[in-house]
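A short write-up of the structure that comes next.
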Amino acid sequence: MRTDPLRPDDPVLADRAAGWRGAYVHIPFCRRVCPYCDFAVVAGRDDLRDRYVEAVVAEIAMAEPFGPLQAVAFGGGTPSRLGASGLGRILEALANRFGLVGGSEVSLEANPEDWTPALAGGLVAAGFTRLSLGAQSFDPVVLGDLGRLHRPADIGRAVGEARRAGFERINLDLILGSPAESDASWDRTLAAALDCGVDHLSTYALTVERGTALSRAIRAGAPGPDPDVQADRYERALAAAAGAGLVRYETSNHAVPGAACAYNLLTWGGGEYEAFGTAAHGHRDGVRYWNVRRIDRYLERVEAGRRPESGREVIVGADRERERLVLGLRRAAGVIAGSGGRALLASPDGRRLVEAGVLAARGDRLVVARPLLGDEAARAVLALPLPDC
Amino acid sequence: MTAVSRIRNFSIIAHIDHGKSTLADRMIEKTHAVSARDMRDQVLDSMDLERERGITIKAQAVRLRYRSADGEDYLLNLIDTPGHVDFAYEVSRSLAACEGAILLVDASQGVEAQTLANALLAVEHGLEIIPVLNKLDLPASDPDRVAEEIAGVLGVDPSEVMRVSAKTGDGVDELLEAIITRLPAPGGDEAAPPRALVFDSYYDTYRGVVCSIRMFDGRISTGDRLRLMATGDTPTADEVGVITPAVVPVAQLGPGEVGYLITGIKEIDRIRVGDTVTRDDLRTETALPGYREPKPMVYSGLFPTDGDDFEHLREALEKLRLNDAALVFEPESSRALGFGFRCGFLGLLHMEIVRERLEREYDLDLVATAPSVAFRAVLTGGREIEIHSPQDLPDGGERSEVLEPYVRAMVITPSEYVGTVMELLQSHRGEMGSMQYLSPVRVELVYRVPLAEIVFGFFDQLKSRTRGYASLDYEPDGYRASNLVRLDVLLNGVPVDSFSAVIHADRAYGFGRRLVEVLRELIPRQMFDVPIQAAVGSRIIARETVRARRKDVLAKCYGGDVTRKRKLLEKQKEGKRRMKMVGRVEVPQEAFIAVLKVDED
Ligand SMILES: Nc1nc2c(ncn2[C@@H]2O[C@H](COP(=O)(O)OP(=O)(O)OP(=O)(O)O)[C@@H](O)[C@H]2O)c(=O)[nH]1
Ligand code: SF4
Ligand SMILES: [Mg+2]
């Protein structure tokens, strides 16, 4: 008997994800670096791909037993640049080392210009179930301005090929509020994205990160994103997604029932995940840790049989409670208030947030009712004087 | 003890930055009072703030031993004085301890407002003045013209004006000789009952109150039982000594000498600067002419950002007052800012310095409210009250009249800017007193102007309109009835007492409009719209709105990088810590002195 899937914003789903375990694998290769990007990426070093796959496999072999895994996410960079065999080899290593629960989500990020029917088929055969496509926009001018290499038509084609190959879940990543975008072009992008029939949509506001080409251009006088305009575009995205049956379940993520991203739910629920590859961040046993960022250092270390971890912090006591709230409040389902949430509601900051309609108590849960001001609530949580118990 | 005929007591006075402290350096060097190793620029400016700002705040006396060309040894008591108008009272005090003054004029600038004001003070005190041009090494110096100017001011022959470079030391030997030959030795009767003037005092944690004194008649020795004539106190002289600038105890101080006195009194209020010290068993009947207490010119509220720091602030103010008699304060409570103190200052520089010292030396985080002058209100019953804070201005029905303080403002400007300066003074409700050419190219303008018009922003406007060439001095000149109103500011519909200002009715509209504009720029966007209104009585005269912030959320946590996002949020949180909550609105500290940024043009 089949039961109806839970809505993406159902608190039951949100809380369940706290107990899941996952793995994140970072694949840093990109064809070229987009001007706004400050992820750990390398361009023009595709010659290192085979070594990198072997190194990640070796790193997985070094990890303590953990699992089984509910969600595996390949992020980047552009994971699709490794091809089905490289990605398949890493996935196999993960499955062997940790085990995958039945019906687990195995997801990768890919760019439309790299996508081919052969790649799609190979990935499904290797066990991938979910594709997150870096669509960003359906407006050629915006795509050009963002330094992207694909054309709008590539997106629909890639989605079709993925579906035909057997991908169960498909997401489109969109960037909103870049300077070259207009209200009309954003509306067209939303319509085109929803027209593809995808079951998940991520709409991220363009952020100017320090040290990027975009940030330098803006300092030299180029127009930058306007937060008010981004707020408008965000609201348009909400309306369009809802109109197509997608439910917002996190600040910037929308899905049809049953299609919420398990790996996303796991991170916001405070679940544990192992991390592999350059700059990858993991969370295990109350410790957050991260790997070296540079690929040459990463390869050197792993090839010498050493773990590539470069830093860690122990999150315990009050810090843990604050983190639980900060992460949980990003979800439409909110978070169980608990001791920290009650302290927040009683604090002057908390009262102000409630008065301004940003924060709301719903039964034993706290939710952020105005997600565009979510960081106000997050800062108030971080400022909470909580006992370290 | 040196014979009275071999003592010379003088102050160095000048406009700000004309080189007083640098000249003192050269004199200290040439008399070997400080070893070469310990010597540094403006060595007498010993406070951190003086060194950082490169200005003298506190007058400083030093005794030098000088062998003159005639082969005789002389004692020179030099007092370096501040040039800034806020500290003019320090100059008066110093002059009262001297027979002579060196009036220094920067030869690249010419006679300026404090040159004149200080020259006048020296004349009033009956001092012999040696006019000296400084900075002769500068290519821009114009000694012949400036010598004419200063000679004209003093009514002497230009040939009597000396020329030095305090930087290179050129001419300083000649000046030292002139001090011996041109300045009178102190008078004083050695056999008479002792009379000494307390011309300064400071508080030392270990020794208690240390007085700077100038002996006029008789002697004071260690162990003497003294009598302070104004208070009737009879402490013992625990120690007398001189500053060379090392602190050197001596057995006694005799007529004409300048030194220090320690009595064991720990409470600064028990010794009044300006008082006469005599011996209890050998009393004089005639006190020396004292000083008028320096009167605060501006008042401002100081509030700790953290309400728990109130007592700490009180202690800090009390400690500062030990060495800064001009600082006055009284508790004040504000609906917006909680408990703090209403403080009186000599001017904006004094205010800035006190605040900086409180924050740095006492680790306090403060909100300062807009400075205001002291008004007087005549109540309907006829009683007159002084008002230090706009909130205290009685309502229209309860008062028959409001009086505001006026000053006699003196501006010296190159003649080409006379028209501009006159316009500026008139636009600040000034009334012309006199106009006088100091030389064909420099003019002195004297106006009667409301203090409130002069003390905020005027100086910057004057400087910018005369390309920096005009200078300003002012002194209190009574009170006058004015059509004054209180302008209130409402934030989010609620009046914020600390934003109120008392202002001339004709100005209220323009001022109110600009004030709300400035506040709109200073107050960050909040989670909701924040209307800012200016009102006189119940009438709203201006309104602006700080639009609600619509987006304040970061994009995703990349690949689960929770740490980085938290760090970013924590950094933003730190930035908010310096804000003050007023009702539901977060207000940055600068907003409370927004009035100072209101430039009505
Ligand atoms: N070129 C040159 N510069 C000088 C001379 N005398 C002083 N200065 C410079 O002028 C500036 C002000 O000198 P100070 O000695 O601090 O002036 P002051 O009169 O004591 O200033 P206040 O105490 O603030 O009133 C400093 O930068 C000195 O180096 C001089 O003879 N020649
Ligand atoms: S493709 Fe993605 S990861 Fe690669 S540079 Fe562009 S934005 Fe960055
Ligand atoms: Mg000086």
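The values are calculated or read from the model by the stated rules, or taken from the named source; none is laboratory data. Treat the numbers as computed from the prediction; the structure is a model and nothing was measured. Here Cβ is always computed from backbone atoms with ideal geometry, including for glycine, and neighbour counts include all displayed protein chains.
Structural remarks
- Every residue from region B:45-73 that is away from ligand 3 (no atom under 16 Å from the Cβ) and either within 14 Å of another protein chain (Cβ to nearest Cβ) or in a loop (DSSP other than H, G, I, E, B) (or both): B:S68, B:A69, B:D70, B:G71, B:E72
- Residue selected from region A:53-82 under the condition in contact (Cβ under 8 Å) with a residue 60 or more places away in the chain and of a type in the set (G, A, S), by the criterion farthest from ligand 1 (Cβ to nearest atom): A:A71
- Members of region A:181-228 that are acidic (D, E) and assigned to a helix (DSSP H, G or I): A:D183, A:D187, A:D195, A:D228
- For B:A107, the requirement of being without any contact (Cβ under 8 Å) to a residue 60 or more places away in the chain and among the small types (G, A, S) is met.
- Annotation note: of B:V530, B:V582, the sole residue that is among the β-branched types (V, I, T) and over 36 Å from the mean Cα position of the chain (by Cα) is B:V530.
- Being more than 28 Å from B:H32 (Cβ to Cβ), touching a helix residue (DSSP H, G or I) at 6+ places or on another chain (Cβ under 8 Å) and either among the acidic types (D, E) or not in a loop (DSSP other than H, G, I, E, B) (or both) holds for only one residue in B:L103, B:L133, B:L121, B:L76, and it is B:L121.
- Residue match in region B:418-436 (condition: modelled with pLDDT under 90, out of contact with any strand residue (DSSP E or B) (no Cβ under 6 Å at 6 or more places or on another chain) and over 21 Å from B:F87 (Cα atoms)): no
- Residue ID - nearest to ligand 2 (Cβ to nearest atom), chosen from residues in region B:1-30 that are of a type in the set (V, I, T) and farther than 19 Å from B:T81 by Cβ: B:I7
- Residues of region B:1-15 satisfying the condition of being modelled with pLDDT of 95 or more and over 19 Å from B:V250 (Cα atoms): B:F10, B:S11, B:I12, B:I13, B:A14, B:H15
- Taking the criterion of being within 20 Å of B:R547 (Cα to Cα), outside any helix (DSSP H, G or I) and among the aliphatic types (A, V, I, L, M), the residues of region A:357-389 that qualify are A:V358, A:L359, A:A369.
- Residue within region B:143-164 that is out of contact with any His (no Cβ under 6 Å at 6 or more places or on another chain), within 17 Å of B:L23 (Cα to Cα), part of a loop (DSSP other than H, G, I, E, B) and among the small types (G, A, S) present: no
- Where strands (runs of 3 or more DSSP E) sit wholly within region A:258-356, those with at least 3 residues that are within 23 Å of the chain's Cα centre (by Cα) and either more than 12 Å from chain B (Cβ to nearest Cβ) or surrounded by 16 or more Cβ atoms within 10 Å (Cβ to Cβ) (or both) occupy A:272-276, A:281-284, A:287-291.
- Residue identified as under 26 Å from B:F592 (Cβ atoms) and buried (at least 18 other Cβ atoms within 10 Å of the Cβ) among B:L393, B:L424: B:L393
- Residue list for region B:358-386, filter: part of a loop (DSSP other than H, G, I, E, B), in contact with a Pro (Cβ under 9 Å, 6 or more places away or on another chain) and either among the small types (G, A, S) or within 24 Å of B:R578 (Cβ to Cβ) (or both): B:L364, B:D365, B:A370, B:A374
- Every residue from region B:569-587 that is of a type outside the set (V, I, T) and either in contact (Cβ under 8 Å) with a residue 40 or more places away in the chain or more than 9 Å from every other protein chain (Cβ to nearest Cβ) (or both): B:K571, B:E574, B:G575, B:R578, B:M579, B:K580, B:G583, B:R584, B:E586
- Just one of the listed residues (B:L23, B:L44) is out of contact with any Pro (no Cβ under 8 Å at 6 or more places or on another chain) and at negative phi, namely B:L23.
- Condition check for A:L133: modelled with pLDDT under 95, more than 14 Å from chain B (Cβ to nearest Cβ), within 17 Å of A:S80 (Cα to Cα) and away from ligand 1 (no atom under 16 Å from the Cβ): no
- Whenever a residue of region B:456-471 is in the same structural domain as B:V443 (by TED's automatic domain parsing) and under 18 Å from B:A117 (Cβ atoms), its partners that are part of a loop (DSSP other than H, G, I, E, B) and small (G, A, S), lying with C-beta atoms within less than 6 angstrom and at least six residues away or across chains, give the pairs B:L462/B:A470.
- The lone criterion from (1) modelled with pLDDT under 95; (2) within 16 Å of ligand 1 (Cβ to nearest atom) left unmet by B:V209 is number (2).
- Of the residues making up region A:38-56, one or more are buried (at least 23 other Cβ atoms within 10 Å of the Cβ), part of a helix (DSSP H, G or I) and either within 12 Å of ligand 2 (Cβ to nearest atom) or β-branched (V, I, T) (or both).
- Region B:31-40 - residue that is on the phi < 0 side of the Ramachandran plot and either in contact (Cβ under 8 Å) with a residue 40 or more places away in the chain or outside any helix (DSSP H, G or I) (or both) and, of those, nearest to ligand 2 (Cβ to nearest atom): B:R40
- Listed by first and then second residue, the pairs linking a residue in region A:123-147 that is not assigned by TED's automatic domain parsing to the domain that holds A:L94 to a residue that is away from ligand 1 (no atom under 16 Å from the Cβ), with Cβ atoms under 8 Å apart and 6 or more places separating them unless they lie on different chains, form an empty list.
- Qualifying residue in region A:85-98 (condition: of a type outside the set (D, E) and in a strand (DSSP E or B)): no
- Qualifying residue in region A:370-388 (condition: surrounded by 18 or more Cβ atoms within 10 Å (Cβ to Cβ) and more than 14 Å from chain B (Cβ to nearest Cβ)): no
- Residues located in region B:15-39, provided they are among the charged types (D, E, K, R) and more than 9 Å from ligand 3 (Cβ to nearest atom): B:D25, B:R26, B:E29, B:K30, B:R37, B:D38
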